[in-house]
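*Asks:* Below are the structure tokens for one structure; questions will follow.
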Amino acid sequence: MPRQVIIPFRTPHNQAPNPMWGSVLHGMLMEQLSSEKATALHQNRRPPWAQYVTRCHDGGALWVVSLLTQEIERVFDAHILSMLPKEFHLRQKGYSILMQPPVTDRYLVDSWFFESTEKTGNQGARFEITFLTPTAFKQNGKYVAQPDIRLIYYSLASRWNEICDLDICPLNVSEEHMQEVCVSTHVANDFTSESAFSVNGKPIKGFRGTIILTCEKTIVARKWRMLFRYAQFCGVGIKTALGMGAFCLKSDNEVNS
């Protein structure tokens, strides 16, 4: 089942980390693995993990890592968690950082997850969601750098169906159902702005910030509620294994439909 660990570390001279640090730590993790295991992870159509880096109030940094399958959980336990505290060399930076034991270690599945997705009543919902790191989607071979309802739902539902090992029915991603989701869901406010992410020296245009979604249909609101909680582990959009698409559900309120 999905698991999330938050690992504190410090950079030399307490340099402020930026979202691209996710790519740096992804490279560090791959170097801890055998070439066969690293190659196998790279070949996954949907990476079984997501991660990003954020800054602490005390000037340090946090590595937020979500392990979406039991296999990647075993790999991460063996090559990272069981070694902490430890210094890891960052080849891309040319120096080492000291990582401490996790300050948070939690699983997605507990009572609050199921209770939150089984709210009853003839009500819609209002969600405030934040994209913490640059986020983008890919459609018809092109990048999309805006919070599109259809692409958000498809990204999360597809990831849920393909890599989530919870014993819950798959989500419908048919064109007919996608249309139902889009018709009943609206962007009430959009406070996002353009934000780029660099992969192998090439910038990917994305966006960051907060949007407020309203949903009129109870059944669709329940699906969003479940997916938004999962999104806080798996991320949304492309390159989530490198640090893009980090997601936070800021508020979730029922409203009269």
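*Asks:* Any idea which residue in segment 91-112 is nearest to Asn14 (Cα to Cα), counting only those that are at pLDDT below 90 and of a type in the set (A, V, I, L, M, F, W, C)?
*Replies:* In this case the residue turns out to be Leu108.
*Asks:* Quick check, is Val24 closer than 25 Å to Tyr230 by Cβ, among the hydrophobic types (A, V, I, L, M, F, W, C) and modelled with pLDDT of 85 or more?
*Replies:* No: the conditions fail for Val24.
*Asks:* Another question, if that's okay. Go through segment 206-240 and give me each residue that's buried (at least 24 other Cβ atoms within 10 Å of the Cβ), within 29 Å of Gly27 (Cβ to Cβ) and among the small types (Gly, Ala, Ser).
*Replies:* Correct list: Gly206, Ala231, Gly235, Gly237.
*Asks:* From the list Val5, Val53, Val64, which residue is at pLDDT 95 or above, closer than 17 Å to Leu108 by Cβ and touching a Pro at 6+ places or on another chain (Cβ under 8 Å)?
*Replies:* That would be Val5, the only listed residue that is at pLDDT 95 or above, closer than 17 Å to Leu108 by Cβ and touching a Pro at 6+ places or on another chain (Cβ under 8 Å).
*Asks:* May I ask you to list pairs of residues, at least six apart or on different chains, whose Cβ atoms are under 8 Å apart, with the first in segment 159-173 being outside the structural domain of Trp224 (by the TED database) and the second being modelled with pLDDT under 70 and surrounded by 14 or more Cβ atoms within 10 Å (Cβ to Cβ)?
*Replies:* The qualifying pairs do not exist here.
*Asks:* To continue, here is another question. Go through segment 2-42 and give me each residue that's assigned to a loop (DSSP other than H, G, I, E, B), in contact with a helix residue (DSSP H, G or I) (Cβ under 8 Å, 6 or more places away or on another chain) and either exposed (fewer than 13 other Cβ atoms within 10 Å of the Cβ) or aliphatic (A, V, I, L, M) (or both).
*Replies:* Selection gives Leu33 alone.
The values are calculated or read from the model by the stated rules, or taken from the named source; none is laboratory data. Owing to the predicted nature of the structure, the values given are computational and were not obtained by experimental measurement. Cβ coordinates were reconstructed from backbone atoms using ideal geometry, including for glycine residues, and neighbour counts include every protein chain displayed.
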